[in-house]
Amino acid sequence: MAEVSMPDKEATARAAAAQEPPSHVAGMVARALDSDIWWSFKRSKITVIAAIVTAVFMLGALLSPWIAPHNPFDMASLNLLDSLIPPVWEDGGDARFLLGTDDQGRDILSTIMYGSRISLSVGFASVLFAAVLGIALGLVSGYLGGTVDSVIMRIADVQLTFPAILIALLVDGTVHAMLGDIDRERSAFWILVFSIGLSFWVQYARTVRGSTLVEKSKEYVQAARLIGLHPVLIMVRHVLPNVTGPVLVIATINLALAVITEATLSFLGVGIPPTQPSLGTMIRIGQDFLFSGEWWITIFPGVALAVLVLAVNLLGDWLRDALNPKLR
């Protein structure tokens, strides 16, 4: 019997590869593009616009060291002679500074990009901290019940009687008082994350607790108990994947709330220091010059903050509706 030649072998291998099923990643992408969530996303023009706006802000913040016209944190490059220059379309504007400059000579456009980076970093970090803390307490409360459940939920009820901004102010002031003035600027970011995260964990805990109470009575959890699995393993491996849907919605909406809370704290002077301005710090600095005619210092950061929060909120509203089968 004649041997198959090399070209025939290669052709046979290519034909076999073409008949193989797609890879796991390609299959996941195909299923995602064929899902109800993707269909719901495509048919909502407002959601698509909100996603584009959010992506632009995030990319601008992430790539700000490379695409920003100037570096507002480089004190050596700042010139006080360039301070309070109006936007380029106003009389006295400079083409180097499209949106004008502040009282330190920092380019407003560059400062917005760097400030968005700080605001979004605080928002993501605080939401992650609040989600981890809230999910853990919610799982423990719902699964164990009894005294543990009563203690955790009473603490949550007490915290719900206070606005989130007051909780954040209390935690921020307490931590700053404990640390004093030692390395205040370097620790300001993490103090903000800690204070905002502690003010948002209750929503995650209550939501996860309610879902855990439903899930722990189902057959697969009872079977896991019968075979002797540790309660922690049951909560993490079996219960947690079935309660993450509502958590994603809460996290998306809380991202916008965390950005607003950070801006409020910075506006009140207890957030990010002026040497590393976030959007809230820029608004506070610009307020001192608003009535003297330098409106651009506070208006442009304020508009950027409003547009970012609105876009994230619209995405959160869409995600809530898309993950709720009763609203499809």
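The values are calculated or read from the model by the stated rules, or taken from the named source; none is laboratory data. Source: prediction; values computed, not measured. Every residue, glycine among them, receives a Cβ derived from its backbone with ideal geometry; neighbour counts consider all protein chains shown. Just so you know, the surface numbers come from the protein's heavy atoms only, side chains and all, with ligands and any DNA or RNA stripped out. Shrake-Rupley method; radii C 1.70, N 1.55, O 1.52, S 1.80 Å.
Would you say Ala95 is within 24 Å of Phe57 (Cα to Cα), of a type in the set (A, V, I, L, M), under 22 Å from the mean Cα position of the chain (by Cα) and open to solvent by 20 Å² or more (accessible area, probe 1.4 Å)?
For Ala95, the condition - within 24 Å of Phe57 (Cα to Cα), of a type in the set (A, V, I, L, M), under 22 Å from the mean Cα position of the chain (by Cα) and open to solvent by 20 Å² or more (accessible area, probe 1.4 Å) - is not met.
Do we find that Val208 is of a type in the set (A, V, I, L, M), part of a helix (DSSP H, G or I) and closer than 30 Å to Leu120 by Cα in this structure?
Criteria met by Val208.
Only one of these is closer than 20 Å to Ile112 by Cα, acidic (Asp, Glu) and in a loop (DSSP other than H, G, I, E, B): Glu294, Glu262. Name it.
Glu294
Any idea which of Asp149, Asp157 is part of a helix (DSSP H, G or I) and open to solvent by 50 Å² or more (accessible area, probe 1.4 Å)?
So the residue among Asp149, Asp157 that is part of a helix (DSSP H, G or I) and open to solvent by 50 Å² or more (accessible area, probe 1.4 Å) is Asp157.
Results for (1) in contact with a helix residue (DSSP H, G or I) (Cβ under 8 Å, 6 or more places away or on another chain); (2) at pLDDT below 85; (3) exposed (fewer than 13 other Cβ atoms within 10 Å of the Cβ); (4) under 25 Å from Ser266 (Cβ atoms), shown as yes or no for each residue.
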residue: Ala164; (1), (2), (3), (4): yes, yes, no, yes
residue: Ala177; (1), (2), (3), (4): no, yes, yes, yes
residue: Ile196; (1), (2), (3), (4): yes, no, no, yes
residue: Arg206; (1), (2), (3), (4): yes, no, no, no
residue: Thr212; (1), (2), (3), (4): yes, no, no, no
residue: Val221; (1), (2), (3), (4): yes, yes, no, no
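Quick check on Gly100: is it closer than 16 Å to Ser292 by Cβ and open to solvent by 40 Å² or more (accessible area, probe 1.4 Å)?
Spelling it out, it is not the case that Gly100 is closer than 16 Å to Ser292 by Cβ and open to solvent by 40 Å² or more (accessible area, probe 1.4 Å).
Please go through region 63-92 and give me each residue that is of a type in the set (Val, Ile, Thr) and touching a strand residue (DSSP E or B) at 6+ places or on another chain (Cβ under 6 Å), ordered by number.
The one that is of a type in the set (Val, Ile, Thr) and touching a strand residue (DSSP E or B) at 6+ places or on another chain (Cβ under 6 Å): Ile85.
Among the residues of region 109-139, count how many are in contact with a Lys or Arg (Cβ under 9 Å, 6 or more places away or on another chain) and of a type in the set (A, V, I, L, M).
2
At least 1 residues that are at pLDDT below 85 and at negative phi in each: list the helices (runs of 4 or more DSSP H) lying fully within region 1-94 that qualify.
6-19, 24-33, 36-43
Select from region 268-283 the residues that are surrounded by fewer than 20 Cβ atoms within 10 Å (Cβ to Cβ) and at negative phi and list them in ascending order.
Matches in region 268-283: Leu268, Val270, Pro273, Pro274, Thr275, Gln276.
Test of understanding: among Met58, Met75, which residue is farther than 26 Å from Thr252 by Cβ and either more than 17 Å from the chain's Cα centre (by Cα) or surrounded by fewer than 18 Cβ atoms within 10 Å (Cβ to Cβ) (or both)?
One residue alone meets the criteria, Met75.
If Gly245 satisfies all but one of (1) at pLDDT 85 or above; (2) open to solvent by less than 40 Å² (accessible area, probe 1.4 Å); (3) among the small types (Gly, Ala, Ser), what's the number of the condition it fails?
With (1) at pLDDT 85 or above; (2) open to solvent by less than 40 Å² (accessible area, probe 1.4 Å); (3) among the small types (Gly, Ala, Ser) applied to Gly245, the lone miss is (1).
Which condition from (1) assigned to a loop (DSSP other than H, G, I, E, B); (2) of a type in the set (Val, Ile, Thr); (3) more than 30 Å from Thr111 (Cα to Cα) is the one that Ile272 breaks?
The number of the failed condition is (3).
Test Arg320 against the stated conditions and say whether it is open to solvent by 60 Å² or more (accessible area, probe 1.4 Å), in contact (Cβ under 8 Å) with a residue 60 or more places away in the chain and within 23 Å of the chain's Cα centre (by Cα).
For Arg320, the condition - open to solvent by 60 Å² or more (accessible area, probe 1.4 Å), in contact (Cβ under 8 Å) with a residue 60 or more places away in the chain and within 23 Å of the chain's Cα centre (by Cα) - is met.
Out of Gly269, Gly280, Gly286, report the one residue that is without any contact (Cβ under 8 Å) to a residue 24 or more places away in the chain, over 30 Å from Asn242 (Cα atoms) and not β-branched (Val, Ile, Thr).
Of the residues listed, the single one that is without any contact (Cβ under 8 Å) to a residue 24 or more places away in the chain, over 30 Å from Asn242 (Cα atoms) and not β-branched (Val, Ile, Thr) is Gly269.
Kindly evaluate Met113 against the criterion of being within 30 Å of Pro231 (Cβ to Cβ), modelled with pLDDT of 90 or more and in contact with a helix residue (DSSP H, G or I) (Cβ under 8 Å, 6 or more places away or on another chain).
no
Applying the selection to region 291-316, what residues are in contact (Cβ under 8 Å) with a residue 40 or more places away in the chain and over 21 Å from Ala263 (Cα atoms)?
Correct list: empty.
Checking the structure you have, find out if any residue of region 170-187 is charged (D, E, K, R), closer than 30 Å to Thr275 by Cβ and not in a helix (DSSP H, G or I).
Yes, the conditions are met somewhere in region 170-187.
Please determine, by comparing only the residues of region 284-295 that are in contact with a helix residue (DSSP H, G or I) (Cβ under 6 Å, 6 or more places away or on another chain) and not charged (D, E, K, R), which one is surrounded by the most Cβ atoms within 10 Å (Cβ to Cβ).
Top of the filtered list is Gly286.
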